[in-house]
Amino acid sequence: MSQVSLISILAWVVALLFWGVALWRAARPMTQAFAVDRALRYLFIFPLGLMSLWAFVVHVFFSERAAAEIGRAASPFQFEVGYANLGIGLASLYAAYTGFYARVAVAIAASSFLIGAGIGHVVDISQHGNLAPGRAGPILVTDFLTPMVVLALLIVAARRPRPKSPDTLALEAELEVARRAMDSYQDALGKFNK
């Protein structure tokens, strides 16, 4: 089995293991929100974050080997793909530990890249019969699986209410004070007009 196949499988296995440990150690009763949050965290760390950083290193520093894994000759374009992977990897690691909206933004960018890569792999396989390990096999599966699972989990996470920020709570409190003042003013004005 090639390194590309092993890394893509390993990233998913490690993410699932970490998720399982997090669920096992979670306070009971465990909420769906917690389970979804931890699944997203470990998907952002491993299949999106660390795997993208690995792809950066391979495409930029070992371009001959990366090209052989995908069944192509080395190309300067790999440098660009490598740096796209660096951005996705770093953003994914950031999103793993931040809020919902950062995760959505990173998921959109990563999904666009991965699905586009997956489509490119399918086209290359169907038009040229290129079944190199970096085109067909686990990497092809994860090019579609990772975005689908991450986006599905984000949809589930979006359906739960978000806690309000301190700024929103302060604004709502100020608006409530203003509303009460207006009610009091209207009552006083009503008594005055009678």
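The values are calculated or read from the model by the stated rules, or taken from the named source; none is laboratory data. Model, not experiment: these values are computed from the prediction. FYI the Cβ positions are ideal-geometry reconstructions off the backbone, even for glycines, and counts take in every protein chain you see.
Structure data summary
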read-out: Residues (out of contact with any helix residue (DSSP H, G or I) (no Cβ under 8 Å at 6 or more places or on another chain), polar (S, T, N, Q) and closer than 17 Å to residue 85 by Cβ) located in segment 108-144; value: 112
read-out: Flag for residue 65 being of a type in the set (D, E, K, R) and modelled with pLDDT under 95; value: yes
read-out: Failed item in (1) buried (at least 17 other Cβ atoms within 10 Å of the Cβ); (2) over 30 Å from residue 69 (Cα atoms), with residue 158 passing the rest; value: (1)
read-out: Filtered residue count, segment 145-166, keeping only those that are part of a helix (DSSP H, G or I) and either over 18 Å from residue 43 (Cβ atoms) or in contact with a helix residue (DSSP H, G or I) (Cβ under 9 Å, 6 or more places away or on another chain) (or both); value: 13
read-out: Every pair of residues 6+ apart whose Cβ atoms lie under 8 Å, when the first sits in segment 82-109 and is over 30 Å from residue 67 (Cβ atoms) while the second is assigned to a loop (DSSP other than H, G, I, E, B) and charged (D, E, K, R); value: 100/162
